[in-house]
Structures are given as C-alpha cells and as structure tokens.
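Throughout, read-outs are computed from the coordinates displayed, never taken from laboratory work. Keep in mind it's a predicted model, so treat the numbers as computed, not measured. Every residue, glycine as well, gets a Cβ built from its backbone with ideal geometry; the counts of neighbours run over all protein chains shown.
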Amino acid sequence: MSDTQSLQVFQPPADFVSQAAISGMEAYRALCAEAERDYAGYWARLAREHLSWKVPFTRTLDESQAPFFKWFDDGRLNVSYNCIDRNIEAGLGEKTAIIFESDDGTVSRVSYKDLLVRVSRFANALKASGVKKGDRVVIYLPMSVEGVVAMQACARIGATHSVVFGGFSAQSLRDRINDAGAVLLITSDGQCRGGKSLPLKPIADEALALGGCESIMKVVVWQRTGAECAMQAGRDVFWQDFVAGRADFCEPEWVEAEHPLFLLYTSGSTGKPKGVQHSTGGYLLHAVLTMKWTFDLKPNDVFWCTADIGWVTGHTYIAYGPLACGGTQIVFEGVPTFPDAGRFWKMIQEHKVSVFYTAPTAIRSLIKAAEATATVHPRNYDLSSLRLLGSVGEPINPAAWMWYYENIGGSRCPIVDTFWQTETGGHMITPLPGVTPLVPGSCTLPFPGIQAAIVDETGTELDWGKGGILVVKRPWPSMIRNIWGDAERFKKSYYPDDFNGQLYLAGDGATRDAQTGYFTITGRIDDVLNVSGHRMGTMEIESALVSHPLVAEAAVVGRPDDLTGEAICAFVVLKGIRPEGDAAKKMIKDLQDHVGKQIGPIAKPKDIRFGENLPKTRSGKIMRRLLRSLAKGEEVTQDTSTLENPAILDQLRRGV
Ligand code: PRX
C-alpha cells in the first residue's frame with residue numbers, strides 16, 4: 001500500500017473490547033463528560049483510585065500561580081513505594097518485574113522482591129554518601145536493570161534524577177550536569193551494543209574535565225564491559241563497593257506531590273536544551289492511567305517498550321509506568337539489527353511479549369531489512385503472543401502502519417499511535433484499544449480528560465476539517481512544571497502571550513478530520529527537527545557547526561527522509577574558499593565528526609552543502625523556507641529578488 005491510497009477504518013476487535021479496561025465508545029464518552037462536568041473532581045477521583053498516598057491530598061488543582069500549576073499539592077507519596085512495595089504488599093513479590101536481555105542474548109529476571117532489595121541498597125548508599133531530598137543526580141548509563149534501579153533509588157530518597165542518553169557527547173553531558181547542579185553522577189565503564197563494546201566512563205571523565213561540574217562530589221561506576229577505566233581516588237567508586245554492606249530496606253521518603261521527580265533535557269527552538277521538570281504525584285498518575293487505558297495492561301501481560309531510558313518514553317513506559325501497575329516488562333540492552341534484523345521478532349517469540357511499543361523509524365528500517373533478507377522477515381517467527389501494538393515519537397506513515405498491522409500484529413492487534421512529548425509526561429492523543437476505530441496515520445482522539453484543540457495564530461479554536469496549531473486548553477496532572485532554572489523561558493515556550501497565556505502550546509501542527517474529529521499530527525511548527533523520533537534543535541546543531549574553527553556561518557533545516565522521518569541538512573559557509581571535490585568530501589566528514597563530538601552522533605547532519613554565502617533577506621534574516629526547498633531538491637518558488645547574490649542558490653542546490 002502507498003501512503004496516499006484512501007484509508008480503511010479498523011474497528012476494535014470484539015474480543016478485545018469485551019476485556020478492555022475502557023470498553024466501547026460510550027465508556028470513553030462518559031469519562032470525557034465526567035471531566036467536562038467536574039474537571040478537578042475527575043482527576044481527584046482517579047488519583048485516589050490509582051495511587052497509594054501516605055498523606056491524602058485535599059486540594060486537587062491550584063491555578064493561582066498559572067501557568068505554574070499545582071496538582072494534589074498537600075498530599076504526600078513516594079513513587080518507588082508505588083512501583084515496588086505496594087505490589088509486594090499485594091502478593092506480587094515473586095512476580096517477575098523485569099526480564100533483562102543483554103546485547104549478546106543473555107537473559108536474567110528480576111522479581112519485585114529482588115528489585116526492592118536492589119533499589120533499597122542503592123538508595124541507602126546514596127543517602128550514606130550525603131545525597132539528600134531535592135539534590136540532583138545525573139544518570140549516564142546504558143539500557144540496564146541498573147539504570148532502572150538508579151532511577152527508582154533516586155525516587156525513593158526524593159533525589160531528582162536527570163538521565164542523559166548514553167549517545168550524548170562529553171560536552172552535552174557537561175552542559176546538563178552544569179545546568180542541573182548535580183551532586184552525583186552514575187555511569188558505567190562502557191556499553192555493549194550491536195556486538196561492540198563502547199566506552200562511557202572515559203566520556204564522563206572528559207565531561208567532568210571540561211569544567212563547570214564542580215558540584216559533582218562522587219561518580220559511581222557500574223562495571224558492564226569490564227574495560228579498564230581510570231578511577232579518580234576520593235571521587236570515583238565502583239557500584240559494588242558503593243552498595244557493599246548497605247541495608248536491604250530503605251524507608252521511602254514521603255515527598256509532596258509537587259516534588260520534582262526528574263529533569264529531562266530536551267531540545268527547543270533556541271540553542272540551549274531545556275531541563276523539563278516533572279512532578280511526583282501528577283506524573284505518576286498519568287503513567288499509571290495510560291498503562292491501564294492505552295496499553296490495557298493486564299496481570300499476565302509481557303510488556304515491551306523498546307525506547308531507551310535516556311528519553312521520556314523510557315521514563316514513563318519503562319522506569320515507572322509498567323512497575324507502578326505491577327507488570328512484567330522486557331528491558332533490552334541491544335539494537336534491533338544485531339545479530340540480525342529479526343532480533344525484535346525473535347525476542348517477542350521467546351518472551352511471549354503481548355504488548356509491544358516501538359517507534360516508526362524502527363518499523364521502517366525493519367521493513368526494509370525484511371524485504372532485503374527473507375530470513376529476518378517476521379513471518380519466520382511465532383508472534384501469536386501479541387495482542388496490542390503501539391507507536392510513538394513521530395508520525396507513522398500509513399504504509400508503515402499497514403505493514404506493522406499485518407505482519408507484526410497478524411491483522412489481529414489494535415495499534416495505538418500515541419502522540420505526546422517530553423513535556424506532557426505521558427500520552428495526550430491516542431486511540432484506546434477497546435474503544436477507538438483506527439485510521440492509519442492518525443493518533444485519533446484525546447486521552448480522557450485531556451482537552452486538546454486546534455487554533456489559529458490568534459488562539460481561536462478552528463472548526464474540524466481545518467489545520468492549525470495544536471494546543472491543550474486546560475492544565476493536566478502530568479504536565480511539565482517548569483524549565484529548570486528558567487521560569488521565563490517556560491512561560492514563553494509553552495504559555496506564550498499570543499494566546500494570553502491561556503493555552504499550552506505543543507509546538508506541533510495538526511489537522512482534525514471533518515467527520516470524526518480525529519487528530520493527525522503534521523509535524524513541528526518551530527525550529528525543532530524530529531530525526532528517527534529524536535528531537536533536535538536546528539540552532540543547537542548550528543552552534544555546534546560554527547564552533548568549528550573553519551566555519552563562518554551555518555544554517556540547518558530538515559528534509560523528509562523515508563527511513564528517519566526527517567534528515568538534517570546543513571548549509572555551511574567556510575572561512576576562506578569554498579571547497580570542491582575531495583576537499584569538500586573531507587570537510588563534510590570533519591564537520592559531521594565535529595557535530596558528533598559536540599552533541600552526539602544523532603545530531604550529525606546527513607547532508608552538508610557549502611556556499612560562499614547564505615540566502616538572506618535585506619534585513620539579514622536567513623531565508624529558511626528557501627533552504628528547505630533546496631534541501632528537498634524542489635524548485636525554488638519563493639521570491640528571490642532581494643537576494644544579494646542569486647548565484648549562491650546554484651552552489652547550495654548541488655550536494656558534493
Ligand atoms: O512532534 C511530535 C513528535 O515528537 C515530539 C515530541 O518529542 P519528544 O519530546 O522527544 O518525545 C517523544 C516521545 C513522546 C512531538 O512534539 N511526536 C511524538 N509522538 C508522535 C509525534 N508525532 C506524530 N505522532 C506521534 N504519535
């Protein structure tokens with residue numbers, strides 16, 4: 001099927017509906033109506049039913065400091081207690097919480113009881129080394145049980161964690177440690193991915209040596225690969241020595257519902273990544289509700305979210321959501337293409353995965369692999385354990401949706417295309433599998449209680465059938481609370497004056513179907529790119545490029561890419577002459593490596609073009625729309641009469 005063929009509607013299968021947590025459209029509408037009638041009462045009811053509180057809250061939503069909203073703020077609870085202890089108290093102590101599969105295929109299991117001991121010992125060690133409630137701890141670890149343990153241990157003692165994706169560079173790690181003012185860093189000697197052993201501690205050492213990380217008192221090093229690594233006396237300690245002799249139980253710190261559970265840095269439209277600050281109570285509520293309603297999680301399910309704990313998806317749908325529901329989940333260290341591109345399908349077969357959640361980029365690359373090599377085609381595997389599929393991170397094109405539906409879901413499993421963001425904490429617009437008729441490529445309807453809408457530039461809500469700017473009309477429990485250390489930027493980014501500070505601006509464009517009101521996300525409306533489901537700011541990449549000694553100026557735009565959704569395309573003006581031929585090729589490689597070093601490999605531009613200048617308006621503004629046309633290889637239809645030097649368009653049109 002091509003992406004432009006007219007789309008079929010897929011009704012929820014009757015046997016799914018009959019057992020689903022939210023069953024049928026009437027049940028969905030009843031929840032929406034309840035929220036409409038009594039917004040605070042609706043969320044209060046859910047927070048009481050789905051979370052365990054040490055001190056029950058009496059206040060639900062405080063809007064007095066809008067847009068700095070507070071939820072359940074006089075209540076106290078602990079996330080780690082909700083994720084571990086309460087499951088043990090409910091008789092699930094022996095149940096497998098985590099099935100860990102390493103890169104080389106070794107499998108280990110962690111029960112809820114084991115998890116309590118591992119988290120408690122690490123939490124006690126953190127306390128003994130002086131980490132207190134509210135201190136920030138940076139976690140720079142590969143996909144591992146230890147990663148989850150470290151996050152849960154921070155939550156247990158009320159320390160605020162900030163996980164930095166293992167693919168980020170020393171400079172990026174340094175900037176995040178510095179911005180958060182972290183007191184402790186947790187890392188590993190290295191990581192195993194795709195049969196290779198890659199260093200991590202040396203990058204952490206480089207980050208700390210860059211300066212600005214003086215707040216770090218201690219570095220805990222988990223030995224994953226066994227690679228030699230330098231240990232600085234007095235500062236660095238191996239994980240096993242850190243936890244040695246620590247007690248098997250740690251009393252949870254009962255924190256206020258608004259206590260910051262974590263910071264997670266994400267790209268915005270200006271150069272500096274922002275530390276998205278999440279709460280304890282509201283965040284956890286949405287993690288639990290979406291696990292139960294979107295993923296319909298049942299006691300016997302084996303849940304697998306393939307994200308990395310370095311992204312928000314790995315926070316909500318690995319470190320917290322599945323555990324808070326007493327689920328069994330897979331944590332996978334490796335990559336989908338090692339030892340071959342049948343790895344995911346083999347793991348689903350072996351572990352009898354029933355709910356599978358991945359990104360469109362992964363699906364598209366596995367389609368390509370299956371078409372090229374018959375032995376890795378999913379038809380070679382028994383995928384009958386699957387009952388529900390999910391997609392996240394970027395728009396899923398209808399052709400990929402159909403392949404996923406037919407080849408992975410056996411035309412039997414609903415697909416939940418979940419639209420959300422680092423800032424939203426959990427799903428915002430998504431099908432519910434026992435409710436929503438599915439249309440490939442559409443994320444369908446808001447999660448019950450979420451009031452999403454499409455508006456024009458003045459903030460006026462548009463009729464269905466029209467495209468515009470995606471907003472959320474009311475605060476919701478799991479929303480971002482602040483940008484760490486930058487309240488002004490928080491207001492400007494998410495509650496801009498253009499909308500009288502009344503609407504949450506997601507930063508995406510969307511359309512609504514004229515008949516069904518279904519939402520379809522059309523992509524970012526700011527200078528943020530989405531490459532393989534990873535958010536990258538164009539200005540961040542531009543700053544990295546101009547930090548190269550030979551670069552005078554750079555402009556970065558996105559262009560559509562069949563595999564990665566969007567690809568990074570950079571237009572560069574060098575100091576000195578414009579290179580050609582082999583010199584240009586070498587320069588491209590140098591610049592790609594430079595960006596990789598500055599930010600991380602995910603930010604390397606796929607396409608770099610050199611010009612003697614960049615196209616600018618008379619007032620000196622770079623004509624980005626024109627660059628986007630050039631990047632796509634389209635005819636330039638914009639007015640170019642104001643260009644100083646139209647010949648540069650020809651230079652920039654040509655790749656090397
Ligand atoms: O553009 C939207 C896209 O990813 C952005 C959020 O990126 P991030 O904060 O890194 O979080 C990704 C994982 C939740 C959004 O602004 N996006 C996310 N999910 C979808 C999506 N676009 C279309 N469809 C989705 N299901």
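Things to note:
- Once Rg and the Kirkwood radius are both taken over the C-alpha atoms of the chain, their ratio Rg/Rh works out to 0.95.
- Once the C-beta distance of K368 and Q11 is scaled by a Förster radius of 30 Å, the resulting FRET efficiency is 0.50 to the nearest 0.05.
- Put simply, the convex hull of the Cα atoms in the range 154-284 casts, on average, a shadow of 10.0 nm².
- Dipole size of the chain about its Cα centre, with +1 on Lys/Arg Cβ and -1 on Asp/Glu Cβ: approximately 580 debye, rounded to the nearest 20.
- Along its principal axes, the range 465-532 has C-alpha extents of 43, 29, 24 angstrom, given from the largest down.
- When each of the peptides 590-599, 472-481, 312-321 is scored by the mean number of other C-beta atoms lying within 10 Å of its residues, the order from highest to lowest reads 312-321, 472-481, 590-599.
- Computed lengthening from A209 to K589, 0.36 nm per intervening residue step minus Cα-Cα distance: 134.2 nm
- Summed over all non-identical Cα pairs, the Kirkwood treatment of the range 505-557 gives a radius of 13.3 Å.
- Bridging of K133 to aspartates and glutamates at a Cα separation below 16 Å is possible for E251, E253, E256, E258, once same-chain residues fewer than 8 apart are set aside.
- In loop segments of the range 414-476 as defined by DSSP, the chymotrypsin sites (Phe, Trp or Tyr not before Pro) with at most 16 further C-beta atoms inside 10 Å of their C-beta are W464.
- Which listed pairs, of K196/K632; K491/K604; K95/K352, have C-alpha distances above 25 Å, in listed order: K196/K632; K491/K604
- Relative packing of peptides 299-306, 634-641, 262-269, 424-431 - highest average C-beta neighbours within 10 Å first: 424-431, 262-269, 299-306, 634-641
- Segment K632-S64, length gained on full extension (0.36 nm per residue, minus Cα span): 199.8 nm
- The chain: antiparallel DSSP beta bridges as a percent of all, rounded to 5: 60
- Measure of compaction for the range 532-652 (Cα Rg per 2.2 N^0.38 Å): 1.02
- Note on R29/T106: beta-carbon distance plugged into 1/(1 + (r/R0)^6) with R0 of 60 Å gives a FRET efficiency of 0.80.
- Subset of K127/K492; K272/K597; K292/K466 violating a 25 Å alpha-carbon distance limit: K127/K492; K292/K466
- Hits among lysines - C-alpha to C-alpha of K132 under 21 Å, sequence gap 8 or more where chains match: K54, K218
- Förster radius 60 Å - calculated FRET efficiency between T516 and A552, Cβ distance, rounded to 0.05: 0.75
- In summary, the aspartates and glutamates within cross-link reach of K586, defined as a Cα separation below 14 angstrom excluding same-chain residues under 8 places away, comprise D607.
- With helices as the sole contributors, the chain gives -8000 deg cm²/dmol at 222 nm; each DSSP H run of n ≥ 4 counts as -39500 (n - 2.57), and the sum is divided by every residue.
- Virtual spin-label span in nm between L563 and R412, 7 Å along Cα→Cβ: 3.2
- Loop-resident GluC sites (Glu not before Pro) (DSSP state other than H, G, I, E or B) in the range 405-506 with no more than 14 further Cβ atoms inside 10 Å of their Cβ: E457.
- Loop-located trypsin sites (Lys or Arg not before Pro) in the range 91-154 (DSSP state other than H, G, I, E, B) with a sparse environment of at most 14 neighbouring Cβ atoms within 10 Å: K132, K133.
- Pair S385, T458: separation of 7 Å Cα→Cβ label points (nm): 5.7
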